[in-house]
Amino acid sequence: MFSKTTMLSSLYMVPLFSLLFSFMICTNNAEGPPSPGYYPSSKVSPISFDHGFRNLWGPQHQKLDQGSLKIWLDSISGSGFKSLHSYRSGYFGAAVKLQTGYTAGVITCFYLSNNQDYPGNHDEVDIEFLGTTLDKPYVLQTNVYIRGSGDGKVIGREMRFHLWFNPTQDFHNYAILWKPSEIIFFVDDVPIRRYPRKSDVTFPSRSMYVYGSIWDASSWATENGKYKANYTYQPFIGRYKNFKLQGCTTYSTSCRPPSASPPGYGGRLSPKQSVAMQWVQKNYLVYDYCRDNTRDHTRTPEC
């Protein structure tokens, strides 16, 4: 347990570490990724939270203010929200701002799932921000589950990244484009990961809802559980705005999700987008499940 003196000293050090982290990012690559040349988010109009979502749990830990949603975790509860409709495909995005300081053990996320419809056998596509200690950057985890569950049967397909900016200083746009042929993860319209459909058994095809939440995942979130949530730093806050939902709802008779790329590429990433994605994966990818030699890759044949 921290003493009051230790806690205050640590809190005073937060701005210093924030500045140091920003300096490290700037000196690593001042220009950021190459321009992708195409911006899918500009093709989708934002919607208000109330028009697309509802509270799922922790209503006392959720607040709307001028179009911005704040959810928070403390020692009593976290909070989560869920889309009003389920989707078979589409573009799903939000601008998110993360909390600065010590956030180890805390996950702030935006994801697709059908876990309530198929408990113990669900599909999921994740964007998860893994909390961190004062001297280290956030980890952005992308993941895909197919017919998995939370009881040890999950086969995760994690790719984890650091970011080329400080996600606590401002809002940045994060999105999932889910098409029948592929899933693409975007950060500020830069594709960071493409997960193609190589077979029916390795690709989610059942309808999913869109979720967001903040919760305590101390058992694994930060360096495999080495660092836990410390509630002397509570509340832990996640801020969301600029929600974008455009896709085929479960009961749509005809629809077409937005294209990942400009006209002329058949929905495939353009050369500029591919170069930008390669740049991110070369400079900021910190874990790829397909390259993990401790994993049983007979369970992930797409590798």
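The values are calculated or read from the model by the stated rules, or taken from the named source; none is laboratory data. Quick caveat, the model's predicted, so the values are computed rather than measured. Using ideal geometry, Cβ is built from the backbone for each residue, glycine included, and neighbour counts are taken over all protein chains shown. In case anyone asks, the SASA skips ligands and DNA or RNA and just uses the protein heavy atoms, side chains included. Shrake-Rupley method; radii C 1.70, N 1.55, O 1.52, S 1.80 Å.
Before moving on, here are some points about what is shown:
- The range 43-56, residues that are open to solvent by 30 Å² or more (accessible area, probe 1.4 Å) and touching a residue at least 60 places away in the same chain (Cβ under 8 Å): LYS43, SER45, PRO46, ILE47, SER48, LEU56
- Going through (1) open to solvent by 30 Å² or more (accessible area, probe 1.4 Å); (2) touching a Pro at 6+ places or on another chain (Cβ under 8 Å); (3) at pLDDT 95 or above one by one, SER205 falls short only on (3).
- Of all the numbered requirements in (1) over 24 Å from TRP72 (Cβ atoms); (2) in contact (Cβ under 8 Å) with a residue 60 or more places away in the chain, THR103 misses one, and that requirement is (1).
- Taken across the range 224-236, residues that are under 16 Å from PHE161 (Cα atoms), of a type in the set (Ser, Thr, Tyr) and in contact (Cβ under 8 Å) with a residue 24 or more places away in the chain do not occur at all.
- In summary, GLY101 fulfils each of the numbered conditions (1) part of a strand (DSSP E or B); (2) on the phi > 0 side of the Ramachandran plot with the single exception of condition (1).
- For the range 106-117, the criterion of being of a type outside the set (D, E, K, R), open to solvent by 30 Å² or more (accessible area, probe 1.4 Å), outside any strand (DSSP E or B) and closer than 24 Å to LEU73 by Cα is met by at least one residue.
- Qualifying residue in the range 239-250 (condition: assigned to a loop (DSSP other than H, G, I, E, B), touching a residue at least 40 places away in the same chain (Cβ under 8 Å) and in contact with a His (Cβ under 8 Å, 6 or more places away or on another chain)): yes
- For the criterion of being open to solvent by less than 70 Å² (accessible area, probe 1.4 Å) and farther than 21 Å from VAL44 by Cβ, CYS255 fails.
Here's the yes/no breakdown for (1) open to solvent by 60 Å² or more (accessible area, probe 1.4 Å); (2) charged (D, E, K, R):
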| residue | (1), (2) |
| --- | --- |
| LYS226 | yes, yes |
| ILE237 | no, no |
| GLY247 | no, no |
| GLY264 | yes, no |
| GLN273 | no, no |
| TYR287 | no, no |
| ARG295 | yes, yes |
| ARG299 | yes, yes |
| CYS303 | yes, no |
